[in-house]
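*Asks:* Dumping the structure here so I can ask a few things about it.
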Amino acid sequence: MTTEVLPIGGTAPGTAQTLTVRRFGRPGARPKIYVQAGLHADEPPGMLVAHHLTRLLQAHADAGRITGEIIVVPLANPIGLSQRVMGSLLGRFDLANGINFNRGFPTLANAVASDVAVGLTEDPAANTALIRAALLQANASFSANTPAEHLKRMLLALALDADLVLDLHCENLGAVHLYTLTPLADRCLPLAALLDAKALLLASDSGGQPFDEACSRPWLDLERQFLFHPIPLACCSVTVELRGEADVSHALATGDAEALIGSMILAGVIDAPAPTLPAARCAPTNLADVELLYAPMPGVLVLHRTVGESVAPGDLVAEIINPVSGKVADLRPRHAGVLFAQESVRSVAAGRSVAKIAGTEAGRSGLLIGA
Ligand SMILES: [Zn+2]
């Protein structure tokens with residue numbers, strides 16, 4: 001294992017923040033796997049998973065079993081982790097401008113299309129190499145001014161040419177669930193089974209330009225644009241939501257790290273016996289068919305169901321209580337599905353999303369993930 005400590009650009013004079021990068025295997029070897037934790041800096045479960053993953057990977061490296069390249073960024077957002085305000089860690093949005101640290105990544109297909117158009121051939125491997133180089137070059141050429149912009153460019157520079165990208169997140173309260181690009185669903189099913197995921201959510205464009213889509217979507221966009229050249233979906237990128245923010249224990253993190261190791265063995269980057277896949281606990285569903293339950297008024301949130309449970313239309317999932325007026329609002333889904341995430345703060349504002357249900361009928365459109 002080698003460790004790099006990279007300076008994050010754009011910080012104020014006299015200050016410094018750094019990104020720590022751990023590398024296993026041989027640089028440039030294939031397959032390449034990229035794992036990061038804590039892009040939303042107030043989501044600690046992935047950081048503990050990265051800690052245990054590093055330990056497990058070191059053992060495989062010592063035994064000479066890593067045949068490709070693996071990069072682990074155990075703490076992807078030191079900027080967010082430094083945003084403590086009056087005792088609270090605010091690691092989801094950049095306090096400098098309110099932008100979500102996992103939104104607004106560049107859509108790179110347009111930036112590389114004209115460059116790769118002249119070099120595409122009938123050889124999918126050659127096209128893959130051509131596009132990977134172009135994506136890295138395009139990312140490096142984007143201007144970055146704020147520390148967060150520098151950070152986003154640094155993270156993409158590490159991940160863009162990977163075969164498999166795992167971005168570790170969590171919910172406020174949540175069951176394990178995954179987000180990926182729609183045509184990558186089948187490739188993600190083994191990881192979903194290993195992690196005992198309760199939902200696998202699919203979109204070809206969520207509308208928010210998150211990190212995972214910045215890595216995987218260029219391939220889909222270019223495949224659609226250049227129909228007469230073979231362009232594989234060469235980057236399988238997944239946002240992995242590791243339960244709720246307080247679901248932090250060595251038992252959970254060790255199990256999750258072992259699941260990620262299993263996915264790396266299946267990807268062919270670690271030469272070890274393939275894991276036995278447990279039965280899948282979820283089927284892929286469209287992100288557009290996630291039903292969100294919103295607080296219709298401010299008040300005290302009372303939860304009636306637990307994440308991971310199936311709910312039926314009309315089930316009482318939560319209540320909002322106004323303790324002054326005595327008014328009570330029931331929150332009931334219109335469609336059946338799996339309750340995979342809930343709000344953890346029990347005093348909510350009007351309009352707050354307090355429950356997410358993976359179903360098959362909601363049929364949302366427009367922006368499919370929150371700002
Ligand atoms: Zn997150």
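*Asks:* For the chain, build the charge dipole from Cβ charges (+1 Lys, Arg; -1 Asp, Glu) around the Cα centre, then report which of A12, A63, L48 sits farthest towards its positive end.
*Replies:* Going by the charge dipole, the pick is A12.
*Asks:* Shifting gears a bit: From the P(r) of the range 228-280, could you give the percentage of C-alpha pairs in the tail past 19 Å? Could you put the intermediate results ahead of the total?
*Replies:* Values: 646 of 1378 pairs.
Taking all Cα-Cα pairs of the range 228-280, the fraction more than 19 Å apart is 47 percent.
*Asks:* Follow-up question, since we're still on this one. Once amide H atoms are placed 1.01 Å from N in the peptide plane, what residues at a sequence separation of 5 or more from L19, or on another chain, have their amide H within under 5 Å of its amide H?
*Replies:* L6, I8
*Asks:* As an exercise, find the ratio Rg/Rh for the range 214-371 from alpha-carbon atoms, using the Kirkwood inverse-distance average for Rh.
*Replies:* Values: Rg = 20.0 Å, Rh = 18.8 Å.
Using Cα coordinates only, the ratio equals 1.06.
*Asks:* Whole-Hz Karplus ³J(HN,Hα) for the range 87-98, in order, using 6.51 cos²θ - 1.76 cosθ + 1.60 and θ = phi - 60°, x for Gly and Pro?
*Replies:* So the Karplus estimates, Gly and Pro as x, are x, 10, 8, 10, x, 8, 10, 5, 5, 6, 8, x Hz.
*Asks:* Separate question: To one decimal place, what Kirkwood hydrodynamic radius in Å is obtained for the range 84-219 from all pairs of distinct Cα atoms? Spell out each step's value before the answer.
*Replies:* Details: mean 1/r = 0.0598 Å⁻¹.
Kirkwood hydrodynamic radius for the range 84-219: 16.7 Å.
*Asks:* While we're on this one: Heavy atoms only, probe 1.4 Å: what % of the accessible area of the range 287-359 goes to carbon and sulfur, would you let me know? All intermediate terms of the calculation are to be shown ahead of the outcome.
*Replies:* On the way: 1820 of 3250 Å².
Exposed carbon and sulfur together represent 56 percent of the surface.
*Asks:* What does the net charge come to around A109 if you take all other residues with beta carbon closer than 14 Å to its beta carbon, with K and R at +1 and D and E at -1?
*Replies:* -2
*Asks:* By how many degrees, between 0 and 90 and to the nearest 10, does the Cα long axis of helix 124-141 differ from the longest principal axis of the chain?
*Replies:* 70
*Asks:* Ok, one more. Could you give the size of the charge dipole of the range 107-164 about its Cα centre, using +1 on the Cβ of each K and R and -1 on the Cβ of each D and E, expressed in debye and rounded to the nearest 20? Don't skip to the end; give the middle numbers.
*Replies:* Working: 3 positive and 6 negative charges, 56 e Å.
Using only the charged Cβ atoms, the result is roughly 260 debye.
*Asks:* So for the range 287-359, taking the charge dipole from beta-carbon charges (+1 Lys/Arg, -1 Asp/Glu), which of G337, P298, A355 sits furthest toward the positive end?
*Replies:* P298
*Asks:* A further question on this structure: Set the Förster radius R0 to 41 Å, insert the Cβ-Cβ distance between V300 and R30 as r into 1/(1 + (r/R0)^6), and round the FRET efficiency to 0.05. Display every interim value, and only then the final one.
*Replies:* On the way: r = 53 Å, r/R0 = 1.30.
The pair V300/R30 has a calculated efficiency of 0.15.
*Asks:* Apply the Karplus curve 6.51 cos²θ - 1.76 cosθ + 1.60, θ = phi - 60°, to the phi angles in the range 215-222 and return the couplings in whole Hz, x for Gly and Pro.
*Replies:* Coupling constants for the range 215-222: 7, 9, 5, x, 5, 5, 4, 6 Hz.
*Asks:* Roughly speaking, to the nearest percent, how much of the range 2-282's 1.4 Å accessible area is carbon and sulfur?
*Replies:* Numbers: 6300 of 11130 Å².
Of all accessible area on the range 2-282, carbon and sulfur atoms account for 57 percent.
*Asks:* Compute the accessible area per residue over the chain, keeping the other protein chains in place, probe 1.4 Å, unit Å².
*Replies:* Details: 15500 Å² over 371 residues.
Result: 42 Å² of accessible area for each residue.
*Asks:* Scan the range 213-263 for chymotrypsin sites (Phe, Trp or Tyr not before Pro) in coil per DSSP, keeping those whose Cβ has at most 10 other Cβ atoms within 10 Å, and list them by number.
*Replies:* Details: sites: W219, F226, F228; in loops: F226, F228.
Loop-located and lightly packed - F228.
*Asks:* Size of the range 287-359 along its principal axes in angstrom, Cα-based, largest extent first?
*Replies:* Computed over the Cα atoms, the extents are 35, 19, 18 Å.
*Asks:* Considering only V311, A76, P273, whose Cα is most displaced toward the positive end of the charge dipole of the chain, charges sitting on Cβ of Lys, Arg (+1) and Asp, Glu (-1)?
*Replies:* Checked the options; the winner is A76.
*Asks:* Please work out, to two decimal places, the log10 of the ratio I(q)/I(0) at q = 0.29 Å⁻¹ from a Debye calculation in which every Cα of the range 281-327 carries one identical scatterer.
*Replies:* Values returned for q = 0.29 Å⁻¹ are -1.22.
*Asks:* Then there's this: Seen from all sides and averaged, what is the projected area of the convex hull of the Cα atoms in the chain, in nm²? Let's see the in-between values first.
*Replies:* Values: hull surface 78.7 nm².
Orientation-averaged projected area of the Cα hull: 19.7 nm².
*Asks:* Let me ask another. How do H304, H169, H229, H60 rank by accessible surface area computed with a 1.4 Å probe, from largest to smallest?
*Replies:* Numbers: H304 85, H169 5, H229 55, H60 30 Å².
Per-residue accessible area, sorted high to low, gives H304, H229, H60, H169.
*Asks:* Given labels modelled 7 Å from the Cα in the Cβ direction, how far is it in nm from S249 to R55?
*Replies:* It is 1.6 nm.
The values are calculated or read from the model by the stated rules, or taken from the named source; none is laboratory data. Predicted, not measured: the structure shown is a model, and the values here were computed from it. Don't worry about glycine lacking a Cβ; one is built from the backbone with ideal geometry, like all the others, and counts go over all protein chains shown. Quick note on the areas: whole protein, heavy atoms, side chains included, nothing else; ligands and nucleic acids left out. Shrake-Rupley method; radii C 1.70, N 1.55, O 1.52, S 1.80 Å.
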